[in-house]
C-alpha cells in the first residue's frame, strides 16, 4: 500500500471530516446520487430495499442513513415498520424523518438483537475498522434478522477516474496525474462478501450494472466536485482540476456527441 493510499484511507474514515465536511449537509451526497438519473437501465434502489424487506416486521435501522432517501421511501411504502435513522453527522440528519440519532456505526446505541433489519447502504467503506463495524451490526440484529448492504465495484465509473487523472496531469504538466480519492475501494463489491462473511453466513449479491450517457458535462463535474472534502488528499490543486475536467468533458461531448460512464454497483442481502 502506498503512502498516498494510506493517507486517502485515513481521510475517508476520518470522523471529523465525515461529520463536519463531507456530510455536514446533504449537498455532496445528493450530487453523487444525482448522476444516476442518466443511467440505463434505471434502478429504483429504495424500491429494491422495500422488496427485500417484504418479509420483515418490526424495527429497521438505517445505519449511516445520510439524507434519509431510503427512510422516506420506507415511511411511504411500509408505514407498519418502525424505521430509525442513524448517522455520524448531526447536520445531515436535519432533514431526515424522525426518529433519527447521531451515532457511530462502530458503537451503535441499540441493545443486542433489537433490530429486525439493518440497512448499511454505501457507508461501510467509511468505517476505520470495517470488520468491527460488521460485528457491531451483527450484535444489534436479531438472530433471524436481515442486513442489506450496498457498495460499488472496483471497476465502477472508471471513465471518471481516467478523466480525473488526465485533468490532474494537465494541471501539473505531466502525462498522468494522481488518482482521485476512492470511497468504495475499501469495501468494494468484490471485497464485501469476505468482509460480511466474518459475521454472516447467508450472503446474496445482486449486481446492478449500467451505462450513463451524458450530453451535458454538469452531472459528471458535480460528481467530481462532490469530493471536495478530500481536496487535501487529491495531490493536485482541486478546483483547477475540476475546471480542467469540465473542459475535457465539454470537448468530448462536442466531438463525440456524449460522454459515457460505465457503472457497476450492487446490493448484498445477508443473514446471520
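Kindly indicate whether residue 162 is surrounded by fewer than 20 Cβ atoms within 10 Å (Cβ to Cβ), under 22 Å from residue 7 (Cα atoms), free of Cβ contacts under 8 Å to residues at least 12 places away in the same chain and out of contact with any helix residue (DSSP H, G or I) (no Cβ under 6 Å at 6 or more places or on another chain). Before you say what the answer is, go through the steps one by one.
Details: surrounded by fewer than 20 Cβ atoms within 10 Å (Cβ to Cβ): yes; under 22 Å from residue 7 (Cα atoms): yes; free of Cβ contacts under 8 Å to residues at least 12 places away in the same chain: yes; out of contact with any helix residue (DSSP H, G or I) (no Cβ under 6 Å at 6 or more places or on another chain): yes.
Yes: the conditions hold for residue 162.
Please go through segment 107-132 and give me each residue that is under 17 Å from the mean Cα position of the chain (by Cα), surrounded by 15 or more Cβ atoms within 10 Å (Cβ to Cβ) and free of Cβ contacts under 8 Å to residues at least 60 places away in the same chain, ordered by number. Steps first, answer last, please.
Taking segment 107-132 as the starting set, the residues that turn out to be under 17 Å from the mean Cα position of the chain (by Cα) are 118-130.
Going one step further and asking which of them are surrounded by 15 or more Cβ atoms within 10 Å (Cβ to Cβ), we end up with 118-128, 130.
The answer is 118, 120.
Among the helices (runs of 4 or more DSSP H) contained in segment 22-83, which hold 1 or more residues that are within 20 Å of residue 99 (Cβ to Cβ) and either touching a helix residue (DSSP H, G or I) at 6+ places or on another chain (Cβ under 7 Å) or modelled with pLDDT of 95 or more (or both)? Full working, then the answer.
Numbers: elements: 27-34, 45-52, 69-77.
Of the helices (runs of 4 or more DSSP H) lying wholly inside segment 22-83, those with at least 1 residues that are within 20 Å of residue 99 (Cβ to Cβ) and either touching a helix residue (DSSP H, G or I) at 6+ places or on another chain (Cβ under 7 Å) or modelled with pLDDT of 95 or more (or both) span 45-52, 69-77.
Is there a residue in segment 114-126 that is over 28 Å from residue 242 (Cβ atoms), modelled with pLDDT of 95 or more and in a loop (DSSP other than H, G, I, E, B)?
Initial filter on segment 114-126 (over 28 Å from residue 242 (Cβ atoms)): 114-120.
Remaining after also requiring modelled with pLDDT of 95 or more: 114-120.
Narrowing the set further to residues that are in a loop (DSSP other than H, G, I, E, B) leaves 114.
Yes; the residues of segment 114-126 include at least one that is over 28 Å from residue 242 (Cβ atoms), modelled with pLDDT of 95 or more and in a loop (DSSP other than H, G, I, E, B).
In segment 77-86, is there at least one residue being crowded, with 19+ Cβ neighbours inside 10 Å, more than 21 Å from residue 53 (Cα to Cα) and touching a strand residue (DSSP E or B) at 6+ places or on another chain (Cβ under 7 Å)?
First, the residues of segment 77-86 that are crowded, with 19+ Cβ neighbours inside 10 Å: 83-86.
Then drop every residue that is not more than 21 Å from residue 53 (Cα to Cα), which leaves none.
Scanning segment 77-86 turns up no residue that is crowded, with 19+ Cβ neighbours inside 10 Å, more than 21 Å from residue 53 (Cα to Cα) and touching a strand residue (DSSP E or B) at 6+ places or on another chain (Cβ under 7 Å).
For segment 200-230, give me each residue that is closer than 30 Å to residue 139 by Cβ and in contact with a strand residue (DSSP E or B) (Cβ under 8 Å, 6 or more places away or on another chain). Spell out how you get there, then give the answer.
Going residue by residue through segment 200-230, those that are closer than 30 Å to residue 139 by Cβ are 200-208, 229.
Of everything in segment 200-230, those that are closer than 30 Å to residue 139 by Cβ and in contact with a strand residue (DSSP E or B) (Cβ under 8 Å, 6 or more places away or on another chain) turn out to be 200, 201, 202, 203, 204, 205, 206, 207, 208.
Tell me the residue from 249, 205 that is out of contact with any helix residue (DSSP H, G or I) (no Cβ under 6 Å at 6 or more places or on another chain) and not in a loop (DSSP other than H, G, I, E, B), please. Even if it seems obvious, please write down each step before you answer.
On the way: 249 fails: out of contact with any helix residue (DSSP H, G or I) (no Cβ under 6 Å at 6 or more places or on another chain).
Within the list 249, 205, the selection yields 205.
The values are calculated or read from the model by the stated rules, or taken from the named source; none is laboratory data. All values derive from a computational prediction rather than experimental measurement. Cβ sites come from the backbone with ideal geometry, for glycine too, and all protein chains shown count toward neighbours.
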